[in-house]
């Protein structure tokens, strides 16, 4: 079941073109930024559709898994090992 985004969650936008063969990679933090980039891409690749996407919710099964960057940040700040975050290290 999808969980709707809450007002406190930070908005972001993505650009996707079906003909590009690539998934969106960059999260635009403002509507103005994503609109500028979509316009720039449409001029660079005439005839292609560039869809501006905004999330409405998310689906997640099980507990949230920390990203590699989150694990590194926690280790640097607290001098802890990945196990302290409830995650096995890659060396295990």
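How high is the relative contact order of the range 3-85, in percent, counting Cα pairs under 8 Å that sit 6 or more residues apart?
32
With a Förster radius of 25 Å, plug the Cβ-Cβ distance of residue 20 and residue 75 into 1/(1 + (r/R0)^6) and report the FRET value to the nearest 0.05.
Efficiency, rounded to the nearest 0.05: 0.10.
Rounded, prolate or oblate: which fits the range 3-85 when a ≥ b ≥ c are the square roots of the eigenvalues of the alpha-carbon gyration tensor, with rounded for a/c under 1.5 and prolate only if a/b beats b/c?
prolate
Throughout, read-outs are computed from the coordinates displayed, never taken from laboratory work. As the structure is a computational prediction, the values presented were derived from the model and not from experiment. Cβ coordinates were reconstructed from backbone atoms using ideal geometry, including for glycine residues, and neighbour counts include every protein chain displayed.
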